Amino acid sequence: KNEVEQSPQNLTAQEGEFITINCSYSVGISALHWLQQHPGGGIVSLFMLSSGKKKHGRLIATINIQEKHSSLHITASHPRDSAVYICAVPGNTDKLIFGTGTRLQVFP
Amino acid sequence: DTEVTQTPKHLVMGMTNKKSLKCEQHMGHRAMYWYKQKAKKPPELMFVYSYEKLSINESVPSRFSPECPNSSLLNLHLHALQPEDSALYLCASTPSGQGRETQYFGPGTRLLVL
């Protein structure tokens, strides 16, 4: 069993739809990261959170420490949101343990 | 300046060549990372430098040789690579190397080994 699991692996949506990507982890953590990677591109850090909820524009990230679960929501999705979204948590030497990613495609 | 830069963007090399990848940041970060990423896979950590000292080497083959000449600069020297080393190589930095710090990634160098 992977220490960080994401679902779904692939997701397609119509423009304007509300999107949820889930991340479950099995290790104790100090923080959880949500990252975005556009095709052929580098990685951008979207959020780092250790409790509760964070919002940035149309993106919302939540975490439930007791349930070891985090969600990334995208409201009013747009084709430019098409990317791979990766959840990551620090391991015991502070290096990040990455989930396998969720590939999102938003169609006009 | 919250940018990590990497050069070159693309690199094609033969198995007998020697080349270097370069990564630079001017955010005053003291931890810098090299990752390797194959298509449709998450990044794999290769090396971590903390305060200009190598702190993590994830059992990377010796044909990859990292160097941190100063706190802003990180190099990855490549020699006698194999075709399976073709990948996107990403550099990242954090203020002090803690897991609860945001990692700032560069755009990557796409390497093709022929």
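The values are calculated or read from the model by the stated rules, or taken from the named source; none is laboratory data. Since this is a predicted model, take the numbers as computed values, not measurements. Reconstructed Cβ throughout: ideal geometry from the backbone, glycine too, with neighbour counts over all protein chains shown. Areas reflect the complete protein model, heavy atoms only, side chains present, ligands, DNA and RNA absent. Shrake-Rupley method; radii C 1.70, N 1.55, O 1.52, S 1.80 Å.
Taken along the Cα-to-beta-carbon direction at a fixed 7 Å, the label points for B:LYS41 and B:SER59 span 1.4 nm.
Based on the Cβ-Cβ distance from A:HIS69 to B:SER96, what FRET efficiency comes out when R0 is 25 Å, to the nearest 0.05? Taking R0 as 25 Å, the efficiency between A:HIS69 and B:SER96 is 0.35. Assuming charge only on the beta carbon of Lys and Arg (+1) and of Asp and Glu (-1), the dipole of the stretch A:1-62 about its Cα centre is about 240 debye to the nearest 20. Peptides A:84-91, B:5-12, ordered by how many other C-beta atoms sit within 10 Å of their residues on average, highest first, read A:84-91, B:5-12. Measuring nothing but alpha carbons in chain B and taking Rh as the Kirkwood radius, the Rg to Rh ratio lands at 0.95.
By the compact-protein rule of thumb, 2.2 N^0.38 Å, the alpha-carbon radius of gyration of the stretch B:1-63 corresponds to a ratio of 1.26. On a per residue basis, the protein assembly as shown carries 48 Å² of accessible surface, using protein heavy atoms and a 1.4 Å probe. Basic side chains Lys and Arg get +1 at the Cβ, acidic Asp and Glu get -1 at the Cβ, and with that the dipole of the protein assembly as shown about its Cα centre reaches some 160 debye.
DSSP finds beta bridges in chain A, and of those with both partners inside it, around 90 percent are antiparallel. Relative to its Kirkwood radius, the Cα radius of gyration of the stretch A:7-59 gives an Rg/Rh of 0.97.
A dipole drawn for chain B from +1 and -1 charges on Cβ atoms has a positive end, and of B:VAL60, B:HIS79, B:VAL113 the residue lying farthest that way is B:VAL113. Here chain A is treated as a sphere whose radius is the Kirkwood value from Cα pairs; by Stokes-Einstein at 25 °C and 0.890 mPa s it diffuses with a coefficient of 177 µm²/s. Projected label points at B:ASN70 and A:SER24, each 7 Å from Cα along the beta carbon direction, are separated by 5.0 nanometres. Only protein atoms count toward the accessible area here, which uses a 1.4 Å probe; on the protein assembly as shown, the carbon and sulfur part of that area reaches 50 percent. In a reduced charge model with +1 at each Lys and Arg Cβ and -1 at each Asp and Glu Cβ, chain A shows a dipole moment near 160 debye about its Cα centre. For the protein assembly as shown, the orientation-averaged shadow of the C-alpha convex hull comes to 12.3 nm² (one quarter of the hull surface). Ratio of Rg to Rh for the stretch B:41-97: 0.95 [Cα atoms; Kirkwood radius as inverse mean 1/r over pairs]. Pairing chain A with chain B buries about 1600 Å² of accessible area. This figure sums both sides and uses a 1.4 Å probe.
Coupling constants for the stretch A:68-73 follow from the phi torsions by the Karplus curve (6.51 cos²θ - 1.76 cosθ + 1.60, θ = phi - 60°), and in residue order they are 6, 8, 9, 10, 10, 10 Hz; glycine and proline get x. Phi-derived couplings, Karplus 6.51 cos²θ - 1.76 cosθ + 1.60 at θ = phi - 60°, listed residue by residue for the stretch A:24-37: 10, 9, 10, 9, x, 10, 9, 6, 10, 10, 10, 10, 10, 9 Hz, with x used for Gly and Pro. Shielding by partners for peptide A:43-55, expressed as the average number of C-beta atoms from other protein chains within 10 Å of each residue's C-beta, is 2.
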